[in-house]
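Trainee: Quick one: the structure is below, questions incoming.
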Ligand SMILES: Cc1cc2nc3c(=O)[nH]c(=O)nc-3n(C[C@H](O)[C@H](O)[C@H](O)COP(=O)(O)O)c2cc1C
């Protein structure tokens with residue numbers, strides 16, 4: 001299947017087959033794919049938490065608004081978090097990024113109000129969600145992007161202090177009778193003419 005066909009086929013899974021395991025190699029591939037996500041000035045202000053442990057997944061499911069059932073059914077939950085403690089993140093920048101990137105970040109940081117800087121960092125994490133959704137279907141897996149999570153409670157459950165959960169992605173095999181399957185619910189999008197401009 002080519003990339004267009006994959007994207008046409010991808011849909012937001014609303015029900016999963018809870019008993020069909022994901023081959024571990026696919027999960028390891030997804031980890032590496034998320035690590036390779038591009039970001040502005042290569043700042044990489046993220047943490048991707050892969051939750052396969054059923055008890056931990058169920059705790060998170062309980063604080064996930066209308067997404068509880070999906071998370072309990074899906075075999076994998078990936079939590080996407082952004083650097084929130086900027087002093088702690090400064091150490092990451094100093095220790096893990098090349099000098100040119102570090103200097104660039106320090107310049108941006110010096111001239112940007114903290115709230116704006118945090119918004120900019122969070123935007124980078126959304127790029128990883130796009131990569132993750134596309135990678136999932138390419139790996140033959142279904143997925144659900146979920147902003148419907150209680151961020152503070154996720155942070156408490158995961159014991160996060162330096163990062164803040166922003167959203168999550170359930171991954172697994174969609175249920176055969178999922179009403180949201182592409183064969184049942186066709187893609188709904190604005191028309192090409194209205195969203196694409198060619199000059
Ligand atoms: C950032 C983001 C957050 C979303 N949050 C949720 C969510 O909490 N629960 C859910 O069932 N779907 C969620 N969705 C799925 C969207 O509703 C869905 O992508 C959109 O309706 C298009 O449908 P499709 O993905 O099936 O093509 C989210 C999607 C994105 C990109």
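Trainee: Which is buried (at least 21 other Cβ atoms within 10 Å of the Cβ), within 11 Å of the ligand (Cβ to nearest atom) and in contact (Cβ under 8 Å) with a residue 12 or more places away in the chain, of 135, 145, 128, 168?
Mentor: 168
Trainee: Please determine, by comparing only the residues of the stretch 58-74 that are within 16 Å of the ligand (Cβ to nearest atom) and without any contact (Cβ under 8 Å) to a residue 60 or more places away in the chain, which one is surrounded by the most Cβ atoms within 10 Å (Cβ to Cβ).
Mentor: Residue satisfying both the conditions and the ranking: 61.
Trainee: Hey, among the residues in the stretch 1-36 that are assigned to a loop (DSSP other than H, G, I, E, B) and within 15 Å of the ligand (Cβ to nearest atom), which one's nearest to residue 98 (Cα to Cα)?
Mentor: Ranking the candidates gives 10 first.
Trainee: Residues of the stretch 41-72 being touching a helix residue (DSSP H, G or I) at 6+ places or on another chain (Cβ under 8 Å) and part of a loop (DSSP other than H, G, I, E, B), which ones?
Mentor: 43, 44, 45, 52, 62, 63, 64, listed by residue number.
Trainee: Another question, if that's okay. Does residue 194 satisfy the condition of being more than 16 Å from residue 6 (Cβ to Cβ) and within 10 Å of the ligand (Cβ to nearest atom)?
Mentor: no
Trainee: Here's something else I'd like to know. Mind listing just one residue for me: the one in the stretch 75-97 that is touching a helix residue (DSSP H, G or I) at 6+ places or on another chain (Cβ under 8 Å) and part of a loop (DSSP other than H, G, I, E, B) and, of those, surrounded by the most Cβ atoms within 10 Å (Cβ to Cβ)?
Mentor: Looking at residues that are touching a helix residue (DSSP H, G or I) at 6+ places or on another chain (Cβ under 8 Å) and part of a loop (DSSP other than H, G, I, E, B), I get 84.
Trainee: Further question: With respect to residue 78, determine if the residue is in contact (Cβ under 8 Å) with a residue 60 or more places away in the chain, within 16 Å of the ligand (Cβ to nearest atom) and within 21 Å of residue 142 (Cβ to Cβ).
Mentor: yes
Rule-based calculations on the coordinates, nothing more; no lab input. Quick caveat, the model's predicted, so the values are computed rather than measured. With ideal geometry, Cβ positions are generated from the backbone for all residues, glycine too; neighbour counts draw on all protein chains shown.
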